[in-house]
Amino acid sequence: MPETLNHGRALARHAATWQDREIPADVALKTRLHVIDTLSAIVSGATLEAGRAGQAYVAGLGGRGSASVLGTALRVPLIEAALANGMAAHADESDDSHETSQTHPGCGVLPAALSVAEEVGASGEAFLRAVNLGYEMTIRFGEAMAPAMSFARSSLSCHAWGPLFGAGFAAGNLMKFDEDQYLVLLNYLVQEASGLTTWRLDRAHTLKSYVFAGMPASNAVKVAALVRAGFTGAGDVLSPADRNFFDAMPADMQPAALYRGLGRDFRILETDIKKYSVGFPIAAPISALEDILARANPQPDAITAVRIRYAQDWYKVIGDENGMPDLNLRYCLAVTILDNGLSFAASHDESRMKAPDVKSLGQKITFLPPDADQDRFEARVEVDTPAGTLTARQGLHVLGRKDNPMSALQIEAKALELFEMALSPAQARVLVTRCHELPDAPNIHQLIAATIPDSAR
């Protein structure tokens, strides 16, 4: 049988030798920046409904454990910490994303890696390597599954399935699994694989946070702990030679994506860090609108109409039926005009969705299909004023995308704003510093401690 058909064995071998692989300087920096970005999502998300729900659940179980719930003084068992931190990580839509795999890697991988690294006393460098492997596997599995799980084809949610495998491999790396243990790990991960796009019906981001992060992170840590404890499993569950994962899935799955460029590429380099803390499809229209506001500064009461030309599939995700402010395009456009920009606070203010000025302006916004020459990622915005019509376009490469990345300073500025939802400005700056110190840190204890607000100490 050709080696490429032994998908599971190839991935297990790759993961088992990950510790020996040289990490280029640009990859190491990108990994630290994703850690900063995802930690800011966790710390800020810990103050929101989904994050608080995770905290309430684990606190209600009683007892103490070996891992921390970030943004609090809670210490709970390993699996529960991964769940609570996962719930916070996707609570505010500020976490990173990867287009072709249809995943948000960081919100699933980081909570798993943080809980295991803290428990085993891993060094900062070991933690970063595990995170990097987690992104690699999240994206590879996501790309293998995405053709069968897109919104147009299935109710299966790639956003849940991909991070499960990434988080599992990150946990296995920190538990120092060998090749055979990774193969067993895969057997248990596929048993846990689940998640439906019914999160789109959620109105409070709690179910969505569970599907994207809390569930995959905690299930991944659970099965890694099972394997560490000696649970066994036979066979390559990804090999087409016998009963396997792909047989159970829709025919559009692309197993070749699992090993394409394996050992050569670092997929974290392709992952986007968002400028705006909103659902990805909202970014392009907001960027185009902000361009108009910056150029012409039209006053809100002078605007008579706003037209958005965009791929109609996007309206299914960010349209009026979505009750979450950070996933409602009409709301985000209205507050961007009223505030002359879209802030984190505005994009998460559910009560403001009912404000008279927001609703009045929202009624002037019309969603239209794209022009014939328009790419599906391009948003075209037209704003009518007494002086005439103002127009702007924003294509695929909105700031934060892999081909138009935010600078390290921009990422840190975004993180500081989010950290300050829970921490003092001084604490926020310390936390950014602790992230950059990880390559030389003997463990991640100082990093974890820096996430606890003074009021909780």
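For the range 302-457, take the alpha-carbon Rg, divide it by the Kirkwood Rh, and send me Rg/Rh. Write down the numbers at each step before the final one.
Numbers: Rg = 19.8 Å, Rh = 18.4 Å.
On the Cα set of the range 302-457, Rg over Rh gives 1.08.
Take the Cα of residue 396, step 7 Å along the line toward its Cβ, and report every residue of the range 283-320 whose backbone nitrogen sits under 20 Å from that point.
283-288, 309-315
Considering the dipole of the chain built from charges on the beta carbon (Lys and Arg +1, Asp and Glu -1) around the Cα centre, which of 289, 77, 177 is farthest to its positive end?
The listed residue farthest towards the positive side: 77.
With just the Cα atoms defining each centre, how far is the range 160-178 from the range 354-368? Give it in Å.
After rounding, the separation between the Cα centres reads 44 Å.
Could I have the simple spin-label model distance between residue 350 and residue 204, label points 7 Å from Cα toward Cβ, reported in nm to one decimal?
0.6
For residue 426, put the label point 7 Å out on the Cα→Cβ axis and report which residues of the range 439-457 keep their amide N under 13 Å from it.
Inside the label zone: 454-455.
Counting pairwise Cα distances across the range 1-103, what percent come out greater than 19 angstrom? Please report the intermediate quantities before stating the final value.
Values: 3132 of 5253 pairs.
Cα-Cα pairs of the range 1-103 separated by over 19 Å account for 60 percent.
On a full-extension model of 0.36 nm per residue, what is the gain between residue 437 and residue 191, subtracting their alpha-carbon distance, rounded to one decimal in nm? Could the numbers behind the result be given before it?
On the way: separation 246, 0.36 × 246 = 88.56 nm, distance 3.74 nm.
Taking residue 437 through residue 191 to full extension adds about 84.8 nm, to one decimal.
Placing +1 at every Lys and Arg Cβ and -1 at every Asp and Glu Cβ, with all other atoms neutral, what dipole size does the chain have around its Cα centre, in debye to the nearest 20? Could the numbers behind the result be given before it?
Numbers: 41 positive and 53 negative charges, 91 e Å.
Magnitude of the dipole: close to 440 debye.
Compute the distance in nm between two label points, each set 7 Å from the Cα along the Cα-to-Cβ direction, one at residue 343 and one at residue 226.
Spacing of the two 7 Å Cα→Cβ label points: 4.7 nm.
So if each residue of separation counts as 0.36 nm, and I subtract the Cα-Cα distance between residue 29 and residue 301, what length gain in nm does that give?
Details: separation 272, 0.36 × 272 = 97.92 nm, distance 4.51 nm.
Using 0.36 nm per residue and subtracting the Cα-Cα distance, I get 93.4 nm.
Please provide three numbers in whole Å: the alpha-carbon extents of the range 152-225 along the principal axes, with the largest listed first.
42, 25, 14 Å, listed from the longest principal axis down.
Go through 222/274; 316/402; 176/275; 359/402; 354/402; 208/359 and tell me which ones have a Cα-Cα distance over 32 Å in this structure. Don't skip to the end; give the middle numbers.
Details: 222/274 30 Å; 316/402 25 Å; 176/275 35 Å; 359/402 34 Å; 354/402 35 Å; 208/359 25 Å.
The answer is 176/275; 359/402; 354/402.
Compute for the range 280-394: radius of gyration divided by Kirkwood radius, i.e. Rg/Rh, restricted to C-alpha atoms, rounded to two decimals.
Details: Rg = 12.9 Å, Rh = 13.9 Å.
Computed over Cα atoms, the ratio is 0.93.
Suppose we look only past 37 Å in the calculated P(r) of the chain. What percent of the Cα-Cα pairs does that tail hold? Before the final figure, lay out the partial values.
Numbers: 25047 of 104196 pairs.
Roughly 24 percent, once rounded to a whole number.
At a threshold of 8 angstrom on Cα-Cα distance, excluding pairs fewer than six apart, so keeping six or more, what relative contact order does the chain reach in percent? Each step should come with its number before you reach the end.
Values: 917 pairs, mean separation 92.6, N = 457.
Relative contact order, the chain: 20 percent.
If you restrict to DSSP beta bridges whose two residues both lie in the chain, what percentage is antiparallel, to the nearest 5?
On the way: 17 of 21 bridges.
Among the beta bridges of the chain, antiparallel pairing accounts for roughly 80 percent.
Bear in mind these aren't lab numbers, they're just calculated from the coordinates by the rules spelled out. What you see is a predicted model; the values in this text were computed from it and never measured. Reconstructed Cβ throughout: ideal geometry from the backbone, glycine too, with neighbour counts over all protein chains shown.
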